[in-house]
Amino acid sequence: MHTAHPHVPANAIASLWDKHHTDNLNRAHLRFSDISQVVEQLAQHDAITSSVVGHACSGTPITRLTVGSGPLILLAWTQMHGDEPTATAAVLDWLHILLTQQLPSLDTNWQSLVTLHVIPMLNPDGAENRTRVNAQGIDINRDAKALQTPEGRVLWEQVQSLKPDVAFNLHDQNPYYTAGETGETATIAFLAPAFHVDKHVDAARLRAKQLIACMADAIQHWLPRHIGRYDDTYSLRSFGDNIAATGAS
């Protein structure tokens, strides 16, 4: 059980997760077969639209779940690296809680304010083999320019068609990194990617930094001294940097 958070909405979310998370997602690793039933169950909810937006090298479908119809467009994707499953469980739990529970801090009209798109497991072949790369042996996150991977092409097509205002590129945190110079292991690290080598901060990147500040403040209660800030050196081939260049936060 979580210790009580001094911020009432955060405490409510934590309490709901304790009671309503999906037990069979509590695994050391997640493959497509582990999440397919959960995704199907979510897709049956009246408020969710499920779309197959493409296929991995093996032919395994890549699914997008959409909820809401508001003007603020959010896009999140997980397991771009097949051996990083944590966020897959997190977004599926979060969708389940959003659709089945009433959060006291959330506007009851929230689905008219935002449109949330989630791709839970972009790289099912890598997940199957528990590898960072896809079946071609390519790191999808370094394929934003060449687009040699079917998975990378799917993601870029989604960015181009959906035009997200905010995009969440969700990875696992490597335990070898520390939070700053403290020597403490970073449990989570945030990054507002640069879209140019000079690391210019435009309005969209500023909003990303502001969102990060809010999230870091909220989780500080549970992770004191274990929140890192990832290196924002510009990466020409990385998806985060290229998506930031489209004007997304």
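Values quoted throughout were computed directly from the atomic coordinates according to the rules given, and no laboratory measurement underlies them. These figures come from a predicted structure and were not determined experimentally. In this analysis, Cβ positions are derived from the backbone assuming ideal geometry, glycine residues included, and neighbour counts consider all displayed protein chains.
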Where labels lie 7 Å past Cα in the beta-carbon direction, separation of Thr185 and Arg225 in nm: 1.4 nm
Dipole moment magnitude, nearest 20 debye, the chain about Cα centre, only Lys, Arg, Asp, Glu C-beta charged: 280 debye
Label point distance in nm, Ala245-Gln210, each placed 7 Å from Cα along Cα→Cβ: 2.6 nm
Extension gain from Ser105 to Gln44, taking 0.36 nm per residue of separation minus the Cα-Cα distance: 19.4 nm
Tally of Lys pairs whose C-alpha atoms are under 23 Å apart, taken over the chain, 8 or more apart or cross-chain: 5
Region 97-206: trypsin sites (Lys or Arg not before Pro) falling in loop per DSSP and having at most 14 other Cβ within 10 Å: Arg130, Lys145, Lys199
By average C-beta atoms within 10 angstrom, highest first, the peptides 71-80, 47-56: 71-80, 47-56
Interchain or long-range residues, amide H under 5 Å from Ala186's placed H: Tyr177, Thr178, Ala179
Global geometry of the chain, whether rounded, prolate or oblate, following the gyration tensor of its Cα atoms and the 1.5 cut on a/c: rounded
Helix-only CD estimate at 222 nm, as mean residue ellipticity for the chain, using -39500 (n - 2.57) per DSSP H run (n ≥ 4): -10000 deg cm²/dmol
Difference of contour (0.36 nm per residue) and Cα-Cα distance, Tyr234 to Lys163: 23.4 nm
Lys/Arg +1, Asp/Glu -1 at C-beta; the chain dipole; positive extreme among Leu236, Thr60, Leu98: Leu236
Gln37 versus Thr66: modelled label distance in nm, points set 7 Å from Cα along the beta carbon direction: 2.9 nm
Modelled FRET efficiency - R0 41 Å, Asp83 with Ser112, Cβ distances, 0.05 increments: 0.60
Whole-angstrom gap from region 66-80 to region 227-241, using each part's C-alpha centre: 21 Å
Protection-proxy order for peptides 213-222, 102-111, each taking the mean of Cβ atoms within 10 Å per residue, highest first: 213-222, 102-111
Loop-located trypsin sites (Lys or Arg not before Pro) in region 1-81, at most 16 other Cβ atoms within 10 Å (DSSP): Arg27
